[in-house]
Amino acid sequence: MLLPRRPVGRLTVVATVLATAAAIAAGPARATPDDTPSAGSARPSLVRPIDPQQWRNPDDMTWADYRAVPGTRWADPDVKPTQRTFKGALVLLDYRDEEFTVSRPAGSTLFGNPQASASDIPRARLPRFYQDFLNIPGPLNNGHTINEYWMEDSGGRIGVDLTAFGVYRMPGKSYQYGVEDSMNPGACPAGTPATRTSGPTARPPGWPMSAPTRRTRSTSSSTSRPDRTSRPPGRSSAR
């Protein structure tokens with residue numbers, strides 16, 4: 001007795017083909033000495049990604065790894081953003097016990113900083129130094145600026161122009177700021193208050209409590225180090 005034949009649906013055929021392709025691509029499993037399955041011998045995959053993911057950790061990158069967006073000149077000061085340019089205030093602060101690293105002799109710190117290319121810079125020249133370092137392409141920043149970074153991230157729509165102020169001396173010592181018992185108990189020397197903030201004390205004389213037309217970036221002597229310019233700006237970074 002013959003059973004009636006059922007028509008094979010299109011979805012069934014497609015599912016069968018995909019399952020067969022997946023099985024072939026996976027290849028036969030083989031046992032390892034500890035009886036755990038492992039992948040078969042290396043063979044080209046039948047299904048390959050359209051856009052293979054190739055990446056490197058920025059910590060391992062150098063300027064040789066940098067690739068500019070084709071057809072752009074966003075580091076060129078003559079290239080203007082299509083929408084707007086943010087005006088930023090770069091406020092420089094230092095402490096009674098710690099000056100800017102770039103004001104010290106080359107290689108004088110524990111880690112061998114500052115580099116010879118940015119050392120022995122007088123305190124009075126620091127605002128102009130950092131303003132030019134961030135705004136103007138040159139050898140020290142490898143031809144890259146903070147404006148270029150914003151232009152690249154925004155597709156040429158948004159730019160940044162910084163104006164430096166300072167240097168302003170904080171009333172406390174460097175280790176008295178940002179140290180709280182809830183985060184760093186016992187980190188401050190005994191008998192020394194460690195609850196200072198850089199809010200009102202960092203405001204230049206005559207400035208209001210807030211400046212809605214400006215975006216302010218505070219740069220302290222322990223955080224802004226141009227000796228790290230051997231690494232390209234983060235392009236996932238100021239930066």
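Every read-out reported here was derived from the displayed coordinates using simple, explicitly stated rules and does not represent laboratory data. Quick caveat, the model's predicted, so the values are computed rather than measured. All Cβ positions, glycine included, derive from the backbone under ideal geometry; neighbour counts span all protein chains shown.
Here's the picture: a label point sits 7 Å out from the Cα of Thr192 along the beta-carbon direction, and within segment 101-126 the residues with their amide nitrogen under 18 Å of it are 101, 110.
Model label points for Asp59 and Asp153, set 7 angstrom from Cα along the Cα-to-Cβ axis, are 2.2 nm apart. Backbone phi angles across segment 153-164, fed through the Karplus curve with coefficients 6.51, -1.76 and 1.60 (θ = phi - 60°), yield HN-Hα couplings of 5, 9, x, x, 8, 10, x, 9, 10, 9, 10, 8 Hz in residue order; Gly and Pro are listed as x. Applying 1/(1 + (r/R0)^6) with r as the Cβ-Cβ distance of Ile50 and Gln83 and R0 = 35 angstrom yields a FRET efficiency of 0.65. Restriction of the chymotrypsin sites (Phe, Trp or Tyr not before Pro) in segment 38-88 to DSSP coil positions whose beta-carbon has at most 12 other beta-carbons within 10 angstrom yields Trp55.
Within segment 127-189, the GluC sites (Glu not before Pro) that combine a DSSP coil assignment with at most 15 other C-beta atoms in a 10 angstrom radius are Glu180. For Glu98, the residues whose amide H sits under 5 Å from its own are Ser174, ignoring neighbours fewer than 5 places away on the same chain, with H placed 1.01 Å from N.
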